[in-house]
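Asker: Structure below; questions to follow.
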DNA sequence: CCGATAACTTATCGGTGTTAGCTCACACGG
DNA sequence: CCGTGTGAGCTAACACCGATAAGTTATCGG
């Protein structure tokens, strides 16, 4: 909030306050991303103008555009995790908790399609193939870990058939991602009512994973 | 650096043969898409050079870049349909046919990631919101129709629980798309072995859709 | 041979991400 | 109290991109 659209005369920051611009750039980017709803419209120049600054100044804080977008999305990623955890915590039954988690995931994606697109529908940096990603810092691994925990819990409670929790969690993830991403990418397909489709998918998964 | 494939001035086409260039452009585009494996590298200028022609000539045959890429992918789409139909036809059991269809889908996506990305992971034209898409010509609707047919067949044979075939087919589609697109977009995730994951997902779906 | 026109080109526009190099104001050591 | 180092940001430019307007060339019917 405090949508500080303070554009034009942005005073130069004091000596030690250079980091403030970083925050302002992040805020401006997020604002643009949500307002326009189009990743293509979020250009370095547009961001710079929205932040009341010239384009090169952005590179004082971010190596390139990808890093900037990644930073924006990392914030959003944390919120996705928060949404899901909150939804899951509101339910006692471990199976229902998983269901709530899945629904929260889909809802988040549909409400933040451009963020979701960047997070899960575009290839990563693709740059350094010799730098095989730092797994510890891979954004979203925390959220995924929480899913694995909930799956394990459901198995321990006998709500799911015993199996490799990691494998099952991965399968659930691909499931919710499938519907979320297709709805975002192909809104013109003659979709059945979303709630119907979602309920069907969740039911099939639950039935397929139920203890025998 | 890019292997400049010999393009001398490319003789101008004869009077009635203007359409030949269209084919050459399509071929050049597909070639680039596969060679570079990066949609970003496939620019109008690069395509023009690969076809031995100047950029504006492309606009004699395609309204814009989107239309060109769509045309390239339409071809690939037909082949996806062919692959799946072929795989499904090789099996008698209707449930196994569905399974084969799904596996063929995933395989096609992983073997043609850049085509798959354009087909299913990017927003469509997004242009004319007042022109709500011509459903008849929506590419891939044919392939989807074949899936619905196979689902119906499996239900009639009692291999799947009776339900709305369109709904079930849509759910299956989102399922195979989920794993395909995530594998393409997030190759750095610590995936379990693909065959294991795929088998798990297919099994869960089969179990969830089985007659009671 | 002529002129209409299909098939293409040259030149250009406005936009993009990104970099090199500069300026200017502040803070601090002497 | 002043000189200077440097942090913070800017100007100008590069090399691309998609797209268009207007020109040129070669072919073919008559």
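Asker: Between region B:58-109 and region A:52-119, how many Å separate their Cα centres?
Answerer: For region B:58-109 versus region A:52-119, the Cα centre distance is 32 Å.
Asker: Additional query: Taking all pairs of distinct Cα atoms, average 1/r, flip it, and tell me the Kirkwood hydrodynamic radius of region B:74-208 in Å to one decimal place.
Answerer: Over region B:74-208, the inverse of the mean reciprocal pair distance is 15.8 Å.
Asker: Sticking with this structure for a sec: Which distances, in nm and shortest first, link the residue A:111 label point to the same label point in every other copy, taking 7 Å along Cα→Cβ?
Answerer: 4.2
Asker: Also, quick follow-up: Inter-copy label distances at residue B:196, 7 Å along the Cα→beta-carbon direction, one decimal in nm, shortest first?
Answerer: Output for residue B:196: 3.8 nm, nearest copy listed first.
Asker: Can you give the mean number of other chain Cβ atoms that lie within 10 Å of the Cβ atoms in peptide A:167-176?
Answerer: Details: counts 7, 2, 0, 10, 12, 3, 4, 15, 8, 2.
Mean inter-chain Cβ contacts per residue within 10 Å come to 6.
Asker: Given label points at 7 Å from Cα along Cα→Cβ, what nm distances, shortest first, separate residue B:54 from the same residue in every other copy?
Answerer: 3.5
Asker: What is the packing order of peptides B:179-185, A:63-69, A:144-150, taking the mean over residues of other C-beta atoms within 10 Å and listing the highest first?
Answerer: Averaged packing, sorted descending, gives the order B:179-185, A:144-150, A:63-69.
Asker: Return the average number of partner chain Cβ atoms within 10 angstrom of each residue Cβ along peptide B:203-212.
Answerer: Details: counts 3, 13, 7, 2, 8, 11, 5, 3, 0, 1.
For this peptide, the per-residue mean of nearby foreign Cβ atoms is 5.
Asker: Another question, then. Quick one: if you stick a label point 7 Å off each Cα along the C-beta vector at residue B:212 and residue A:141, how many nm between them?
Answerer: 4.4 nm
Asker: Using only Cα atoms, figure out Rg for the protein assembly as shown and give it as a multiple of 2.2 N^0.38 Å. Could you put the intermediate results ahead of the total?
Answerer: Working: Rg = 23.8 Å, N = 424, 2.2 N^0.38 = 21.9 Å.
So the Cα radius of gyration is 1.09 times the expected 2.2 N^0.38 Å.
Asker: Please work out the FRET efficiency for the pair residue A:157 and residue B:45, using the Cβ-Cβ distance as r and a Förster radius of 51 Å; give the result to the nearest 0.05.
Answerer: 0.30
Asker: Right, here's the next one. Using only helices, what value at 222 nm comes out for chain B when you add -39,500 (n - 2.57) per DSSP H run of length 4 or more and divide by the total residues, to the nearest 500 deg cm²/dmol?
Answerer: -20500 deg cm²/dmol
Asker: Among A:21, B:141, what is the fewest-to-most ranking by other Cβ atoms within 10 Å?
Answerer: Taking fewest neighbouring Cβ atoms as first place, the list is B:141, A:21.
Asker: With chain B treated as a Gaussian network of Cα nodes joined by springs under 10 Å, which of B:102, B:140, B:178 yields the largest mean-square fluctuation?
Answerer: So, out of B:102, B:140, B:178, the one fluctuating most is B:178.
Asker: Follow-up question, since we're still on this one. Highest GNM mean-square fluctuation, chain B, Cα pairs closer than 10 Å: which of B:35, B:107, B:17?
Answerer: Among B:35, B:107, B:17, the largest mean-square fluctuation in the Gaussian network model of chain B belongs to B:17.
Read-outs throughout are calculated quantities, based only on the coordinates presented, and are distinct from any laboratory measurement. These numbers come from a predicted model, not from an experiment. Note that each Cβ is placed from the backbone with ideal geometry, even for glycine, and that neighbours are counted across all protein chains shown.
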